[in-house]
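Novice: Just dropping this structure here.
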Amino acid sequence: MCGIVGYVGHRQALDVVLGGLRRLEYRGYDSAGVAVLDGAGALRVQRKAGRLANLEAQLDADGRQTFAGTAGMGHTRWATHGPPVDRNSHPHRDASNTVAVVHNGIIENFAELRTELEAEGVELASDTDTETTAHLIAAAYATGETAGDLPASVRAVCRRLEGAFTLVVTHAGVPDQIVAARRSSPLVIGVGDGEHFVASDVAAFIEHTREAVELGQDQVVVISRDGYEVTDFAGEPAQAKPFTVDWDLSAAEKGGHDYFMLKEIEEQPDALANTLRGHFHNGRITLDEQRLADQDLRDIDKVFVVACGSAYHSGLVAKYAIEHWCRLPVEVELASEFRYRDPVLDRDTLVVAVSQSGETMDTLEAVRHAREQKARVLAVCNTNGAQIPRESDAVLYTHAGPEIGVASTKAFLAQIAANYLVGLALAQARGTKYPDEVAREFAELANTPAAVQKTLATSEQVRALGREIADSKAVLFLGRHVGFPVALEGALKLKELAYMHAEGFAAGELKHGPIALIEQDLPVVIVMPSPKGRAVLHSKLVSNISEIQARGARTIVIAEEGDDAVRPYADSLIEIPATSTLLQPLVATVPLQILAAEIARSRGYDIDKPRNLAKSVTVE
Ligand code: G6P
C-alpha cells in the first residue's frame, strides 16, 4: 500500500524515480508525485491525482529538464487520510518548501500533532497525516539539539510518531543525502556502484542492482552516492540484513502479455515447482527457517491459520490436509477477526500466518498477538525478509516470484503448496505419517506443476465462455470439501476484477438459502470433486446441479476429465486433469482465474489495477 522510492547517485534522479514508480504502481494508484533536489538548494516537486501517467504528462508539460538533479524521491498513493486529489498527493512539504516527505502507513497520533502545529500557527495544506511530519522535521532541523542535522531531526520526529510508517525525507539544504525511516511498513535499500536506493520493494531498483539490504524495525538509513548508514531511532549504529535478490528484471516485466496478471496465471506451473524445490531432502520435508525445535512441533495440539483475502482461502484448503495428515484440530481465521476475538492460544498452539507480501497489517498484528500469548508462529510468505517472517518462529517461502497483478493468482497456488508442505512437516515431526507416506504425498505434489500446465490448455474455451457471460448481473460458485474454498476464491476473483456480484457457497448449503437466488440464465459455476476420489460427494453435487438446472440456471461445471456422469447437467463443461482429492484446488482454481480476467477484460477494466484495491494492505 503506497509505493516509495528514493535515489542518490550519478544518474538523473527523475528517470530513476519514475522507473521505480512504474514498478511500484501496483501498491497504490490513486495519485503520484516526485521531488528532485537540484543540488543548488532548491527542491522541485510535482504531484498529480490519478495514475502515474497523469504525473508523467504533467512533467512533460512542465519540461522534464527543469527537474534536473541526482537525488530525488517519488510516491504512488493509496489514499487513507483525505481523498485522492492533487493537494493530498505526496511528497508533502513544510511551509518554507525545504523539506519533502513521502510516507506509507498511518500515523495514528496525527490529530494530536496537527493540533499542536496549528496552535503554533502552521497552516496545513492537505488533509493527510503525512504533512505533519514535514513540518515537524523542518522545525527540528531549524532549531534546538538537532539543528542542521537531517538524520537526527528525522529520528527525533520518528520517536514521537505512533502507528506504522515508512518515511523518506529530503531537505533542500542537504542535496547529497536522503533519509528514510521504518516502523512496521516495508523499506529496502538498494546498493549500487556510486548510487543507492531506498524503496518499498526491490522491484523499484532491480533494473539497477540486485544487492539489497533490509532495513529493520525502528531503524533509520541515510543514503548517499557512496554508501549508506543505519541507526536505530536513538541514533545508535544498527545492523540491517543484506541479501541478493534471486530474480531479475524480466520477472517484473509483462513479457509480451497485456497484463501482469495474465503472465502470472501462466507462470503458475513454475511458481509451484519453485515453491516445492529444495524442501524434500534425504526423505525429509524441510522449512526455510526454523527457530523452533522438532519437539516444539511435536507438542503442538492445535493449529490456527490466519490470513486475509486469497491467502485466507489458501488456509481454508490447508485445513482439510492438515487435519487429515496430522490429526490436529485446525481453525482458519481472517486475521482481522482473530486478534479482536479472544482466541485460546498457548505455547502448544501453532499459528500459521499466510501472506504473499508479508506486510499485510492485519496478519502482522495477528502474529504479534499470537506471540504475546506465547503461541508458535510459522510464516508462509512470498517476500524475502518481510516483517511477518521476521517476527515468526519459522518460515516457509513461496518462491512464486514477484506478483504484480493486484489480485493474487500464482502466489495463491504457491500458498496452497506451501501450506501442504507445512502439513507434511508437522505430520513428519509428529509421526502421524510414515516417511514413505510423506514421500508419496510429496511426489504427488511434485506432479502438480505439470497438471496446472495442462489445465492452462483450457484457456481459450474458458475465455470464450467469459465473453458469453460478461453481461450477467451476478455469478454464483458452488463446491464441497476442498472445492468450497475454490468456489470462494473464484467468487473473490470475479468481484475484484470484474466488479460483479459473485458469491461462493458450500453446495450443501444450497437449500438453506442460496437456492432462492437462482433465476433463469444465472451463471452458476460448480467445482466437482473427483468421481473416484470422493464418490459420495460427487453424487451429492450432481443432485445439487440438477436442482439448480431445473430452476433455469446456466450451469458451468469444472470437472475431472472423463467425469461422464456430470456431462448431462453441464451447460458448459471445463475439464481439468485428475489429481488426488486434496490437490484438486491447485488445478480447479486456474479456470476460475482465467474466467474472471476475461470477464473483466470484456467489460473494459484494468485487470492489474482494479478500482479501490491495492496489492498489499498495510493499514488495518
Ligand atoms: C489484498 C490483495 C489480495 C491478497 C490480500 C492478502 O487484498 O489484493 O490479492 O490476497 O491482500 O495479501 P497478502 O500479501 O497478505 O497475501
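Novice: Looking at LEU262, LEU297 in this structure, which one is open to solvent by less than 20 Å² (accessible area, probe 1.4 Å) and in contact (Cβ under 8 Å) with a residue 12 or more places away in the chain?
Specialist: LEU297
Novice: So which residues in region 115-124 are under 13 Å from ASP94 (Cα atoms) and open to solvent by less than 70 Å² (accessible area, probe 1.4 Å)?
Specialist: Answer for region 115-124, where residues must be under 13 Å from ASP94 (Cα atoms) and open to solvent by less than 70 Å² (accessible area, probe 1.4 Å): LEU117, GLY121, VAL122, LEU124.
Novice: Determine whether region 349-367 contains at least one residue that is more than 19 Å from SER616 (Cα to Cα), out of contact with any Gly (no Cβ under 7 Å at 6 or more places or on another chain), surrounded by fewer than 24 Cβ atoms within 10 Å (Cβ to Cβ) and not aromatic (Phe, Trp, Tyr).
Specialist: Yes, that holds for at least one residue.
Novice: Taking GLU145 as the residue in question, decide whether it is over 14 Å from ARG93 (Cβ atoms) and touching a helix residue (DSSP H, G or I) at 6+ places or on another chain (Cβ under 9 Å).
Specialist: Taking the combined requirement at face value, the residue satisfies it.
Novice: Between residues in region 280-292 that are not assigned by TED's automatic domain parsing to the domain that holds THR349 and residues that are crowded, with 16+ Cβ neighbours inside 10 Å and part of a loop (DSSP other than H, G, I, E, B), which pairs lie under 8 Å by C-beta distance while being six or more apart or on different chains?
Specialist: none
Novice: From the list GLY508, GLY466, which one is outside any loop (DSSP other than H, G, I, E, B) and under 18 Å from LEU262 (Cα atoms)?
Specialist: Answer to the check: GLY466.
Novice: Among the residues of region 158-183, what is the count of those that are in a helix (DSSP H, G or I) and either open to solvent by less than 10 Å² (accessible area, probe 1.4 Å) or in contact with a Gly (Cβ under 7 Å, 6 or more places away or on another chain) (or both)?
Specialist: Final tally of qualifying residues: 1.
Novice: Moving on. Which of the residues that make up region 583-607 are within 27 Å of ILE388 (Cα to Cα) and either open to solvent by 10 Å² or more (accessible area, probe 1.4 Å) or away from the ligand (no atom under 16 Å from the Cβ) (or both)?
Specialist: LEU583, LEU586 - these are the residues of region 583-607 that are within 27 Å of ILE388 (Cα to Cα) and either open to solvent by 10 Å² or more (accessible area, probe 1.4 Å) or away from the ligand (no atom under 16 Å from the Cβ) (or both).
Novice: Return the total of residues in region 402-455 being under 15 Å from GLN593 (Cα atoms), buried (at least 24 other Cβ atoms within 10 Å of the Cβ) and among the polar types (S, T, N, Q).
Specialist: 3
Novice: Have a look at GLY309, GLY315 and point out the one that is open to solvent by less than 30 Å² (accessible area, probe 1.4 Å), within 16 Å of the ligand (Cβ to nearest atom) and within 26 Å of GLN593 (Cβ to Cβ).
Specialist: None of the other options fit; the residue is GLY315.
Novice: Every residue in region 558-582 that is in a strand (DSSP E or B) and open to solvent by less than 30 Å² (accessible area, probe 1.4 Å), please.
Specialist: ILE558, ALA559, GLU560, SER572, ILE574, ILE576
Novice: Looking at (1) within 30 Å of GLY3 (Cβ to Cβ); (2) in contact (Cβ under 8 Å) with a residue 40 or more places away in the chain, which is the only condition ASN612 fails?
Specialist: (2)
Novice: Only one of these conditions is not met by GLN373: (1) buried (at least 24 other Cβ atoms within 10 Å of the Cβ); (2) polar (S, T, N, Q); (3) over 19 Å from the mean Cα position of the chain (by Cα). Which number is it?
Specialist: (1)
Novice: Do the conditions hold for ALA321, that is, is it under 17 Å from the mean Cα position of the chain (by Cα) and surrounded by 19 or more Cβ atoms within 10 Å (Cβ to Cβ)?
Specialist: Judged against the criteria, ALA321 is not a match.
Novice: Read through the list (1) more than 24 Å from PRO514 (Cβ to Cβ); (2) buried (at least 16 other Cβ atoms within 10 Å of the Cβ), then give the number of the only condition that ILE548 fails.
Specialist: Looking at each condition in turn, ILE548 falls short on (1).
Novice: Further question on the same structure: Is it true that THR555 is closer than 24 Å to GLU441 by Cα and open to solvent by less than 40 Å² (accessible area, probe 1.4 Å)?
Specialist: When the stated conditions are applied, THR555 does not pass them.
Novice: Considering only residues that are at pLDDT 95 or above and among the hydrophobic types (A, V, I, L, M, F, W, C), which ones fall in region 91-112?
Specialist: VAL99, ALA100, VAL101, VAL102 - these are the residues of region 91-112 that are at pLDDT 95 or above and among the hydrophobic types (A, V, I, L, M, F, W, C).
Novice: Pairs please, first residue from region 391-408 and hydroxyl-bearing (Ser, Thr, Tyr), second anywhere and at pLDDT 95 or above and surrounded by fewer than 22 Cβ atoms within 10 Å (Cβ to Cβ), Cβ atoms under 9 Å, 6+ apart in sequence or on different chains.
Specialist: Correct list of pairs: SER392/ARG371.
Novice: Quick one: is THR209 part of a loop (DSSP other than H, G, I, E, B), without any contact (Cβ under 8 Å) to a residue 60 or more places away in the chain, hydroxyl-bearing (Ser, Thr, Tyr) and open to solvent by less than 20 Å² (accessible area, probe 1.4 Å)?
Specialist: So THR209 passes the test.
Novice: If you don't mind, another one. With the requirement that a residue be in contact with a strand residue (DSSP E or B) (Cβ under 7 Å, 6 or more places away or on another chain), under 21 Å from LYS615 (Cβ atoms) and either within 11 Å of the ligand (Cβ to nearest atom) or among the β-branched types (Val, Ile, Thr) (or both), what does region 400-432 give you?
Specialist: Listed by number, the list holds a single entry, GLN415.
Novice: Could you please let me know if ALA386 is within 14 Å of the ligand (Cβ to nearest atom) and in contact (Cβ under 8 Å) with a residue 40 or more places away in the chain?
Specialist: When the stated conditions are applied, ALA386 passes them.
Novice: Quick one: is ARG155 open to solvent by less than 60 Å² (accessible area, probe 1.4 Å), more than 18 Å from ALA35 (Cβ to Cβ), among the charged types (D, E, K, R) and touching a residue at least 24 places away in the same chain (Cβ under 8 Å)?
Specialist: It is true that ARG155 is open to solvent by less than 60 Å² (accessible area, probe 1.4 Å), more than 18 Å from ALA35 (Cβ to Cβ), among the charged types (D, E, K, R) and touching a residue at least 24 places away in the same chain (Cβ under 8 Å).
Novice: Now for a different question. Mind checking which residues of region 326-348 are closer than 26 Å to SER408 by Cβ and open to solvent by 10 Å² or more (accessible area, probe 1.4 Å)?
Specialist: Listed by number, the residues that qualify are GLU331, VAL332, GLU333, LEU334, SER336, GLU337, ARG339, TYR340, ARG341.
Novice: Same structure again: When you check SER543 against the structure, is it farther than 30 Å from ALA407 by Cβ and open to solvent by 20 Å² or more (accessible area, probe 1.4 Å), yes or no?
Specialist: yes
Novice: Exactly one condition in (1) open to solvent by 10 Å² or more (accessible area, probe 1.4 Å); (2) closer than 22 Å to ASP608 by Cα is false for GLY490; which is it?
Specialist: GLY490 satisfies every listed condition except (1).
The values are calculated or read from the model by the stated rules, or taken from the named source; none is laboratory data. These numbers were taken from a predicted model, which means no experiment stands behind them. Ideal geometry is used to build each Cβ from the backbone, glycine not excepted, and the neighbour counts take in all protein chains shown. Areas reflect the complete protein model, heavy atoms only, side chains present, ligands, DNA and RNA absent. Shrake-Rupley method; radii C 1.70, N 1.55, O 1.52, S 1.80 Å.
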